[in-house]
Amino acid sequence: MKSNRVHVLIVDDSVTIRAMMESVLNNDGEIKVVGEVGSAEEAEELLRDLQPDVTLLDIQMPGMSGLDFLNAIKGWHCKPVIMLSSLSAAGAPERIEALKRGAAGSFNKANAVRESSQLIRMIKGAAHGTLRPDPADAKALAAQIKEQKARATALDVTASARVLQP
């Protein structure tokens, strides 16, 4: 029987980041790191075997990127994924793309120790279905969707005008 603790899988190509994340998370009595691996390829088997409540997934990794892995698992893995990056700030294109592909949120892993309480809140929120995207990410995503709709409408109007021309 599974405990009440939130089970987390860490997927990051940096051994240092994985160890730091594991240390930070295991200090919280409500979270348990059940596995940590360095690649998307290694993560697939652990996801199936361990069924973690939340997966922390690095956006940029050698081999299959975290974004590509997110696409690969969305057909069979329905638990939340929080993307990790030290290079992308809130509202950055990679973070928006992660949300579009189904990530629950993104966290700057360079701040894992300094902002450990925020990371822990994000993990618990994702596990309980209450995590909301960063406001800057949500705003950027909404702007992108609005722009895409405007382009689609403009294309429809142009296509309709061509059809109506004598």
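The values are calculated or read from the model by the stated rules, or taken from the named source; none is laboratory data. Predicted, not measured: the structure shown is a model, and the values here were computed from it. We place every Cβ from the backbone using ideal geometry, glycine too, and count neighbours over all the protein chains shown. Ligands, DNA and RNA are stripped out before the accessible areas are found, and what is left, the full protein with its side chains, is counted by its heavy atoms. Shrake-Rupley method; radii C 1.70, N 1.55, O 1.52, S 1.80 Å.
List the residue pairs whose Cβ atoms are under 7 Å apart, where the first residue sits in region 74-91 and is on the phi < 0 side of the Ramachandran plot, the second is open to solvent by 50 Å² or more (accessible area, probe 1.4 Å) and modelled with pLDDT under 85, and the two are 6 or more positions apart or on different chains.
90/134
Which of the numbered conditions does residue 13 fail, given that it passes all the others? Conditions: (1) open to solvent by less than 30 Å² (accessible area, probe 1.4 Å); (2) in contact with a Ser or Thr (Cβ under 7 Å, 6 or more places away or on another chain).
All conditions are met except number (1).
If a residue must be open to solvent by 60 Å² or more (accessible area, probe 1.4 Å) and of a type outside the set (Val, Ile, Thr), how many such residues does region 98-114 contain?
Taking region 98-114 and keeping what is open to solvent by 60 Å² or more (accessible area, probe 1.4 Å), we get 100, 110, 113-114.
The next check asks that each one be of a type outside the set (Val, Ile, Thr); those that pass are 100, 110, 114.
So the answer is 3.
Being assigned to a helix (DSSP H, G or I) and either exposed (fewer than 14 other Cβ atoms within 10 Å of the Cβ) or in contact with an Asp or Glu (Cβ under 6 Å, 6 or more places away or on another chain) (or both) is the filter here, so list the residues in region 122-137 that pass it.
Filtering region 122-137 down to residues assigned to a helix (DSSP H, G or I) leaves 122-128, 135-137.
127, 128, 135, listed by residue number.
Mind listing whichever residues of region 18-42 are over 25 Å from residue 115 (Cα atoms) and not charged (D, E, K, R)? Spell out how you get there, then give the answer.
Our first condition is that a residue be over 25 Å from residue 115 (Cα atoms); within region 18-42, this holds for 40-42.
40, the sole residue that qualifies.
Out of 98, 110, 72, 89, which single residue is outside any helix (DSSP H, G or I), small (Gly, Ala, Ser) and closer than 22 Å to residue 13 by Cα?
Just a single option satisfies the conditions, and that option is 89.
How many of the residues in region 36-45 are closer than 15 Å to residue 13 by Cα and assigned to a helix (DSSP H, G or I)?
Residues of region 36-45 closer than 15 Å to residue 13 by Cα: 36-44.
From what's left, assigned to a helix (DSSP H, G or I): 40-44.
Result for region 36-45: 5.
Of all residues in region 40-60, how many are at pLDDT below 95 and open to solvent by 20 Å² or more (accessible area, probe 1.4 Å)?
Adding up the residues that qualify gives 10.
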